[in-house]
Amino acid sequence: MEFDTVVRNGIIANASECILGQDIGIKDGLIACIGIGLPVSASTSVIDAQGGYITPGGVDSHVHLEQWNTPTGDTWETGTRSAVCGGTTTVLCFASQNQTDQSVLPVVEDYLGLAKGRSACDYGIHLILTNPTKEVVEKELPLLVRYSGITSVKLYMTYHPMKLGDREILDIMVATRRLGITTMVHAENHDMIELIIETLEQRGQVEPYYQAVSRPKIAEAEATYRAISLSELMDTPILLVHVSSELAAKHIRDAQTRMLPIYGETCPQYLYLLSDRLRGENFEGAKCVCSPPLRERPEDTDAMWTSIANGTFTTFSSDHAATKFYAEGGKRLGLINGRPVFAKIPNGLPGLETRLPLLFKGVEEGRITIQDFVRVASSNPAKLYGVTRKGAVLPGYDADLCIWYPTGKLEPFVLKNSMLHHDIDYTPFEDMTFTNWPRYTLLRGKMGWNRDDGGFIGKFGGGNYIKRTVSALAGPRNVFVNEWRPPI
Ligand code: DUC
Ligand code: ZN
Ligand code: ZN
């Protein structure tokens, strides 16, 4: 066979093992074969990995782009450009139902229309449900699964316009279980948080730092345990998103030990940043406001690393929910007449481009293995969300590759926001030192990022919409409850 591209001299890293001394032959956007000394013709491009790791293109399964509630964030172009420059080739973003929307079909259609022809990487869509009427849950969801390939929903247990009660969550679980789709849950106890915010405001404790105080770990742990209990009753797989603290992770691990279909996700900020980052002059702390918030003690960041290494966390996502600092409608919305009001600061951090380098740093520093890296950053998100043909460097899979520098080749460098390709005026990881970074990114065989020569060379509109299948990872597990059918 004549290959379009052959990649040589790399260490091919999959979630199960590494392959050394073999080439990757790419044809028509797919990995055609992996073998020793693959032939090249005059028309074959050859990429020399020079001994660096070759990992599957990143699958970032939790990304917010151009949602109606993040007006100063990235566009589809700038967000997905930054994804590709950070080694990510697939993003899963959110179409979000407004509580007044009676139907989610136009919500999805509009969001798909917004993305069409603009993405630099492949993309799929989750649906945020905030008004789960019978019509939406029983009639529309099955249509979206079948015809649009939307096989996951996200539910919020907190926030006023989005929060669902336990009964609503149970009703949704009946449907998601039947459809075999993944239910993502934002777990924080709304009432606890509301009460603390009111108290802090009465006391005048309103600087950005108090955002972390207002959302304590017990609020996350309680809601996590409650979500697990609802899932256990219904025997419905759920994924707890953006887990930030040790006790919440422990609830997930305990549930997994009981063989419940419970999955967990964490994000870069919970591996590296502590709540002291919310302090600082000139309202700078607002840059690190996210929910759940940054935690106070390194025990929590350590627990997040351990929970990746011991398999508690299934996925590692950016939760890129970027808001500019200096822009109308940005982070400074939390400054009212020059006075801070933390509860008005838009939530969320940028992180699409830095996600893989930050996790890879953990490999280089011996916190996790390269297999852990591939498992949570690519393979598991692809399996959990029904993205077939991605997340592994194997024949028949899309030729989505992230090629790293050989260890020791790259001079250590200090990250500056100006090096990134998002359209956000800061990164929370400014001034961190890196010793590696994605050198080349290939999307279905085409080079989209060449750090040494050309930088971003991908194409807006070059990304395909992915119609996802049901989860290859998450299914109901409890044999006894399997006998039980919802009474409708
Ligand atoms: N939840 C998210 O998933 N992202 C940003 C903010 C939030 O609360
Ligand atoms: Zn959330
Ligand atoms: Zn999010």
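The values are calculated or read from the model by the stated rules, or taken from the named source; none is laboratory data. Since the model is a prediction, treat every value here as computed from it, not as a measurement. FYI the Cβ positions are ideal-geometry reconstructions off the backbone, even for glycines, and counts take in every protein chain you see. These area figures cover heavy atoms from the full protein model, side chains too; ligands, DNA and RNA do not enter into them. Shrake-Rupley method; radii C 1.70, N 1.55, O 1.52, S 1.80 Å.
Taking Cα centre as origin and charging only the Cβ of basic (Lys, Arg, +1) and acidic (Asp, Glu, -1) residues, the dipole magnitude of the stretch 1-65 rounds to 60 debye.
Cross-link pairs exceeding 18 Å in C-alpha to C-alpha distance, out of Lys287/Lys416; Lys217/Lys331; Lys446/Lys467; Lys116/Lys467, comprise Lys217/Lys331; Lys446/Lys467.
Compute the acute angle (0 to 90°) between the alpha-carbon long axis of helix 217-234 and the principal axis of greatest extent of the alpha-carbon atoms of the chain; round to the nearest 10°. Orientation of helix 217-234: about 80 degrees from the principal axis.
Computed over protein heavy atoms with a 1.4 Å probe, the accessible surface of the chain works out to 38 Å² per residue.
For Ala249, the shell of other residues with beta-carbons less than 12 Å away shows a net charge of -3, using +1 for Lys and Arg and -1 for Asp and Glu.
Against the empirical 2.2 N^0.38 Å (N residues), the stretch 58-384 has a Cα radius of gyration ratio of 0.94. Counting only protein heavy atoms and a probe of 1.4 Å, the accessible surface of the chain is 52% carbon and sulfur. Highest mean packing comes first when the peptides 450-459, 264-273 are listed by Cβ atoms within 10 Å, giving 264-273, 450-459.
In the stretch 1-89, the convex hull through the Cα atoms has an average projected area of 7.4 nm², a quarter of its surface area. Start at zero, step by 10 Å, and the Cα-Cα distances of the stretch 281-348 spread as 18, 40, 25, 15, 2 percent across the bins. A straight chain from Thr133 to Leu247 at 0.36 nm per residue would run longer than the Cα-Cα distance by 37.7 nm. Shape analysis of the stretch 335-488 yields a ratio of the Cα radius of gyration to the Kirkwood radius, Rg/Rh, of 1.07.
Heavy-atom accessible surface of Arg389, to the nearest 10 Å², is about 120 Å², with a 1.4 Å probe and all protein chains retained.
Counting Lys and Arg as +1 and Asp and Glu as -1 over every other residue whose Cβ lies under 14 Å from the Cβ of Tyr225, the net charge comes to -2. For the stretch 58-384, build the charge dipole from Cβ charges (+1 Lys, Arg; -1 Asp, Glu) around the Cα centre, then report which of Ala83, Trp68, Ser103 sits farthest towards its positive end. Of the listed residues, the answer is Ala83. Across the stretch 121-269, the mean sequence separation of Cα contacts (distance under 8 Å, 6 or more residues apart), normalised by length, yields a relative contact order of 20 percent. When the Cα positions of Gly454, Leu401, Gly204 are compared along the charge dipole of the chain, Leu401 comes out farthest toward the positive end, with charges on each C-beta of Lys, Arg, Asp and Glu.
Straightening the chain between Gln202 and Glu284 buys 27.2 nm, computed as 0.36 nm per residue apart minus the Cα-Cα spacing. Charging the Cβ of each Asp and Glu at -1 and of each Lys and Arg at +1, and nothing else, the dipole of the stretch 270-315 about its Cα centre rounds to 120 debye.
The listed residues Ser229, Ser379, once ranked by accessible area (1.4 Å probe) with the largest placed first, stand as Ser229, Ser379.
Counting only Cβ charges, +1 for Lys and Arg and -1 for Asp and Glu, the dipole size of the chain around its Cα centre is about 600 debye. Can you compute log10 of I(q)/I(0) for the stretch 57-215 with the Debye formula, treating each Cα as one identical point scatterer, at q = 0.16 Å⁻¹? The computed values of log10 I(q)/I(0) come out as -0.98.
Once the Cα-Cα distance is subtracted from the 0.36 nm per residue extended length, the Asp276 to Ser229 segment shows a gain of 13.6 nm. Based on every Cα atom in the stretch 206-342, Rg and the maximum pairwise Cα distance Dmax equal 16.3, 53 Å.
Under 24 Å of direct C-alpha separation, and excluding same-chain neighbours fewer than eight residues apart, Lys134 reaches these lysines: Lys154, Lys163.
For the chain, the longest principal axis of the Cα atoms and the long axis of helix 76-85 meet at an angle of about 50 degrees. Take every DSSP beta bridge whose two residues both sit in the chain; close to 45 percent of them are antiparallel. Note on the stretch 1-49 and the stretch 252-322: Cα centroid distance 36 Å, given to the nearest whole angstrom.
For the chain, the longest principal axis of the alpha carbon atoms and the long axis of helix 190-203 meet at an angle near 70°. Modelled spin-label separation between Thr469 and Cys18, with each label point placed 7 Å from Cα along the Cα-to-Cβ direction: 3.1 nm. Translational diffusion of the stretch 240-320, estimated by Stokes-Einstein from the Kirkwood radius over alpha carbon pairs at 10 °C in a medium of 1.306 mPa s, is 122 µm² per second.
Under a Cβ-Cβ cut-off of 11 Å, what is the net charge of the residues other than Leu415 that fall near it, where Lys and Arg count +1 and Asp and Glu count -1?
Working: positive: Lys361, Lys416; negative: Glu353, Glu430, Asp431.
Value of the local net charge: -1.
Ranked by the mean number of other Cβ atoms within 10 Å of their residues, highest first, the peptides 184-193, 280-289, 148-157, 317-326 come out as 317-326, 148-157, 184-193, 280-289.
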